[in-house]
Amino acid sequence: MVRGNRVNGDEQLGLILDFAGVLTASPIEVHRTWCVSEGLEPGAWRATLNDHPEGRRLYAALEIGEIGQAEWNAGTAALLGEHVDPVNLMGRAWAEVPSARRMIALARAARAAGHRLALLSNSFGLDPFNPYEHVGIWDLFDVHVVSELEGLAKPDPAIYRLALERIGLPAERCVFVDDHEVNLPPAAELGITTVHVTDEDRAVAELEALLGVTAVLTV
């Protein structure tokens, strides 16, 4: 769903994309399958990261770089269960999450049309597992704003202002795309048009109309 003014596709625009759930498919079912393969309840991953107080604390610390991924792996594995191997925990859980091929094609089309691209991502660690390299999208972007590297995370308004500063375009000529609705209002308050991703095909169609481009899948 688009919120904000329609931007003019005849001028250079800024496309600011979230990563997980936008440039990747939703990880929920992959994580459920992974949990079962590890001898856990299907919902253990999300429950530990979202509902367990220590799990939430560890993840929030990881997002803004207070701890590294290896430390997060060790702490979260212990919460999941004594039998869970902490080695590359994040990488093992995320390895089978597919890329969002149509959204990536849209981003490539936008760049080919002369628009500027920014990655605005709440990080889940860069080492030993780098999710951006795993999906192969890092070099697609002119600008990278990754929470772990900046020490702040969405929905802090400061990270949106930083993205605008780096992309070098006014808010009124930018579009921000995220799958978490809570992350959209701070962007909208700055004057950025927002797109909430609940379905990849629908979101791509909305972005094609906003940016004046067509996403073309390659074999």
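The values are calculated or read from the model by the stated rules, or taken from the named source; none is laboratory data. Predicted model only: the values in this text are computed from it and were never measured. A quick note on method: Cβ atoms are made from the backbone with ideal geometry, for glycine too, and the neighbour counts reach across all protein chains shown. These area figures cover heavy atoms from the full protein model, side chains too; ligands, DNA and RNA do not enter into them. Shrake-Rupley method; radii C 1.70, N 1.55, O 1.52, S 1.80 Å.
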Long-range HN-HN contacts of Leu119 with modeled amide H, under 5 Å | Leu17, Val143, His144, Val145
Net lengthening on full extension, Trp138/Ala74 (0.36 nm per residue, minus Cα-Cα) | 20.4 nm
Residue (of Val213, Pro186, Ala153) at the positive-pole extreme of the chain, dipole from beta-carbon charges = Val213
Report the extension gain between Arg111 and Ile28 in nm, rounded to one decimal, defined as 0.36 nm multiplied by the number of residues separating them, less their alpha carbon distance.
-> 26.9 nm
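Carbon and sulfur together cover what percent of the accessible area of the stretch 1-131 at a 1.4 Å probe radius?
On the way: 2920 of 5950 Å².
Using a 1.4 Å probe with all protein chains present, the stretch 1-131 comes out at 49 percent carbon and sulfur.
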Solvent-accessible heavy-atom area per residue, rounded to whole Å², over the chain at 1.4 Å = 46 Å²
Segment Arg46-His83, length gained on full extension (0.36 nm per residue, minus Cα span) | 11.5 nm
Cα-only Debye scattering, the chain: base-10 log of I(q)/I(0) at q = 0.08, 0.17, 0.19 Å⁻¹ | -0.28, -1.17, -1.39
With every protein chain present, what accessible area does Arg102 have (1.4 Å probe, heavy atoms only), rounded to the nearest 10 Å²?
-> 70 Å²
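Please give me, ordered by residue number, the GluC sites (Glu not before Pro) of the stretch 12-75 that lie in loop per DSSP and have at most 16 other Cβ atoms within 10 Å.
Numbers: sites: Glu29, Glu38, Glu54, Glu63, Glu66, Glu71; in loops: Glu38, Glu66.
For GluC sites (Glu not before Pro) across the stretch 12-75 that sit outside H, G, I, E and B with at most 16 neighbouring Cβ atoms in 10 Å, the list reads Glu66.
At 1.4 Å probe size, put Ser147, Ser99, Ser26 in order of accessible surface, largest to smallest. Working shown, then result.
Details: Ser147 0, Ser99 45, Ser26 70 Å².
Largest to smallest exposure gives the sequence Ser26, Ser99, Ser147.
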